Amino acid sequence: MIRRSPEGGVEIPWADALQQVQDEVGLSQDILLEVVADSIRQAWMEEEGLQTQVRVELDQLTGRLMLAVTDPESGRDLDTVPDLAPADAGPRADPLEPTLTELPQEVSRRAARLARARLGKWIREVRERQLQGQAEEHRGQLADAIVERLDQGTWYLRSGSLLAVLAPLEQIPGERLRRGQHLKVVLMESRRAGHGEYVQVRASRTSPLLLRRLMEAEVPELTDGTLVVRAVAREPGDRAKVAVESQRPEIDAKGACIGLRGVRIRAVVGQLGGEKVDVLEWSGDPATLVARALAPAPVKAVTIDEEARRATVMVDPDVLSLAIGKEGQNARLAARLTGWRIDIRPAERMGLAVAP
């Protein structure tokens, strides 16, 4: 942007430089010229020790910056200051109108240094605001990120222009990542990092929202509103349950999500590293919903206690362990999915109560 002239001064191809900044960060030329003008004012004050008013204009043909300088106290045109040669030596129609001149060499050098520093800072701030806005715009959305590096258990990812961090708690247990790997994540909140020098986005592989977004990506009916995901419960890396509802009676919600020969749900499972996903049809009736949530265990009867928000489930003794699941996982996920405390009872004795 700034180069040395053969005479040892500093030349700035201002038209090209300002256009480049406009293209990169979208600032108007008026704003950029004001930044440059502020730099010239400061350089001029350092050189002449005067409080000055400066108007800057850009010659689009030559790319040179022209300026008019006046003393705010006297209103005196400062074109008589030594080394400040008028750009146009012809007579002026209005003697009170300052003459447009070129920058003296020393002022030009100082202005160039100041302008470069200020424009650099301005550009960084604008880019940070743009990245912050982009991060907020994509908050809660599915992203395809590239794994870049590992630092003390935290993976750093790149998603477009966004830097994302995958902290240990957001990683699927036991999942092995490698540099350069493409990874589906859901983007969460953003924050300034590095003492405010750049924007960082928290990514997650464990959030139930990731499963919801993956389902939406694989099942067009979820995107167009034919189907709706009503609830999701996960134990990341192991098992999950998803309740879906059809907005059209002729559409089988569960079948549409699973897909022909299971192709859709397999694609989702593949993105989750093999996590088993159970899909069930949503019901507004709590007893029906609880019974479906305990699949694959068959349920004989469900009794609902509205006041205690408890569901008592009766199952055959030989499927009790299936209903509860390994280490209580099936019952636990069903409770989270439905929002009901679930008390599973065999025919002969009390069973297990599970809170959502």
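The values are calculated or read from the model by the stated rules, or taken from the named source; none is laboratory data. Not measured: the values here are computed from a predicted model. All Cβ positions, even for glycine, are placed from backbone atoms using ideal geometry, and neighbour counts span all protein chains on display. Heavy atoms of the whole protein, side chains included, go into the accessibility calculation; ligands, DNA and RNA do not. Shrake-Rupley method; radii C 1.70, N 1.55, O 1.52, S 1.80 Å.
Can you give the local net charge around LEU214? Use residues other than it whose beta-carbon is closer than 12 angstrom to its beta-carbon, Lys and Arg +1, Asp and Glu -1.
On the way: positive: LYS184, ARG205, ARG212, ARG213, ARG234, ARG264, ARG266; negative: ASP144, GLU216, GLU218, GLU275.
The answer is +3.
Taking the alpha-carbon centroid of each part, what is the distance from segment 295-314 to segment 136-162 in angstrom?
Here the answer is 41 Å between Cα centres.
Give me the net charge for the shell around ARG234: Cβ to Cβ below 13 angstrom, other residues only, Lys and Arg +1, Asp and Glu -1. Walk me through the intermediate numbers first.
Details: positive: ARG205, ARG212, ARG213, ARG239, LYS241, LYS276, ARG332, ARG336; negative: GLU170, GLU235, ASP238, GLU275, ASP278.
Around ARG234, the charge tally is +3.
Less than 16 Å apart at the alpha-carbon level, and either on another chain or at least 8 residues along: which lysines does that give for LYS241?
Straight-distance partners of LYS241: LYS254, LYS276, LYS326.
Using heavy-atom solvent-accessible surface (probe 1.4 Å) with all chains present, what is the largest-first order of HIS182, HIS138?
Details: HIS182 115, HIS138 70 Å².
Ranked list, largest accessible area first: HIS182, HIS138.
If I model a spin label at GLU307 and ARG149 as a point 7 Å from the Cα along the Cα→Cβ vector, what separation in nanometres do I get?
6.2 nm
Local charge sum around ALA293 (other residues, Cβ-Cβ under 10 Å, Lys/Arg +1, Asp/Glu -1)?
Residues close to ALA293 contribute a combined charge of +2.
Highest mean first, how do 213-220, 260-267 rank when packing is the count of other Cβ atoms within 10 Å averaged over residues? Walk me through the intermediate numbers first.
Working: 213-220: 19.1, 260-267: 13.2.
Packing proxy ranking, top to bottom: 213-220, 260-267.
Enumerate the amide H contacts of THR154 below 5 Å, restricted to partners 5 or more residues apart or on another chain; note that Pro and chain-start residues carry no placed amide H.
Result for THR154 returns nothing.
From the Cα gyration tensor of segment 293-337, with a ≥ b ≥ c the square roots of its eigenvalues, which class applies: rounded if a/c is under 1.5, or else prolate if a/b is larger than b/c, or else oblate? Don't jump to the answer; show the numbers that get you there.
Working: a/c = 2.31, a/b = 1.34, b/c = 1.73.
It comes out oblate by the Cα gyration axes.
Over segment 223-274, give the accessible area per residue in Å² for a 1.4 Å probe, as an integer.
Values: 2550 Å² over 52 residues.
Here the per-residue accessible area is 49 Å².
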